[in-house]
1. Please work out how much accessible surface M68 shows to a 1.4 Å probe, ignoring ligands, DNA and RNA, in Å² rounded to 10.
2. Ignoring ligands, DNA and RNA, please state the percent of accessible area on the chain from carbon and sulfur, probe 1.4 Å.
3. Antiparallel as a % of all DSSP beta bridges within the chain, to the nearest 5?
4. Cα centroid distance between the stretch 111-138 and the stretch 231-246, in Å?
5. Taking the Cα centre of the chain as the origin, how large is its charge dipole in debye, to the nearest 20, when only Lys and Arg (+1) and Asp and Glu (-1) carry charge on their Cβ atoms?
6. Taking all protein chains together and a probe of 1.4 Å, list H293, H259 from the most accessible to the least accessible.
7. What share of the DSSP beta bridges in the stretch 175-332 is antiparallel, in percent to the nearest 5?
8. Quick one: accessible area per residue over the stretch 209-335, 1.4 Å probe, rounded to a whole number of Å²?
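The values are calculated or read from the model by the stated rules, or taken from the named source; none is laboratory data. For clarity, every value in this text was computed on a predicted model and none was experimentally measured. No Cβ is skipped: glycine too gets one built from the backbone with ideal geometry, and neighbour counts run over all protein chains shown. Side chains included, ligands, DNA and RNA excluded: accessible areas come from the protein's heavy atoms. Shrake-Rupley method; radii C 1.70, N 1.55, O 1.52, S 1.80 Å.
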Amino acid sequence: MANLKEIAAELSLSVTTVSRALKNGPEVHPWTVARGKEVGERVGYVPNHHGRALKTGRTLTLTAVLPMETPDYLSDLAKLPLIEGMTLAARRLGYSLSIYSTTSDDDPVESVRHLLQARSADGLIITRMVSGDPRVRLLLDQRIPFVAFGRTDLDVAYPFVDIDNEQIAYDATRRLMSKGCRRIALQLLVPNDQASAARLAGYARAMTEAGIPIDQSLIGHGRFTVESSAAWFDRLLASPDPPTGLACANELGLLGALHALGKLGLVPGRDVHIVTRDSTRLTRFLPAKIGVHSVDMADVGRKLIEVLESRIANPLGPAMGILLEGRFEPAEQSA
């Protein structure tokens, strides 16, 4: 494997100049930077990140803490575009991305403490935010660069990237009402996380504005897999006053609902109207009339890394917050 000395010898430059050129040093002439990178790529030069970490105290690694959803493997599919977006953005900025997977039995705060003790990353991405999330104050107190995927209700500034789940649920409920639905079922995922709380708030706001009483039996809590979603919707359809509209939490919840409808010979878009959030573009391949709020999770991943990198570069700067909207596609387009 080539080293800096070999590249320097080929270019008749000092090792210091080559090292600065490969790091895009502003003091190095652009031609030298381009030539150094060209030779480095040709000879297969790989930077020694471990050595750099010893000298600078930086690892050039970013760690995302991602909980595994359930034993149902399909439940984690939506994370793949998120991971892809983070990976490519981190690489573009000169970092490696590591994934720290946790289970439902792991204490989220202890998981973060473990990473802080390991000092294996220059910054953290935390997810699955809950009310009063203690991880935020822990990381702020420790002055560790981080970004949250989601928001919490603490009265303190911190960097985040979030999806406007409240507006998505509000809009989904209003669109179902426009189809004549008054018995509208709402799917939630993890009961205690802030994303589910936001969805419930949006649903409740739309129902209240329309003067429709909220029936708690139509609100589903749980870690929705295809199977549990189908079982939940089976029960709703078997009730004396079944729903005529459904706001699905995600693609897997949608698949379970479609399965329940199919067993009874019911047709989505005719017998029951459905609006779902889709983070994987799955709905465009389903032969059913479904309204869709599309969310580009790869773009979410990119923004998480960009916000985190800016925090690493300027830890005392203002905390950046980004709120992303879903793009609605009418049922006719996703049929």
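1. 90 Å²
2. 53 percent
3. If we restrict to bridges inside the chain, about 10 percent are antiparallel.
4. Using only Cα atoms, the two centres lie 40 Å from each other.
5. Dipole of the chain, to the nearest 20 debye: 720 debye.
6. Ranked list, largest accessible area first: H259, H293.
7. Within the stretch 175-332, antiparallel bridges account for around 20 percent of the total.
8. I get 47 Å² per residue for the stretch 209-335.
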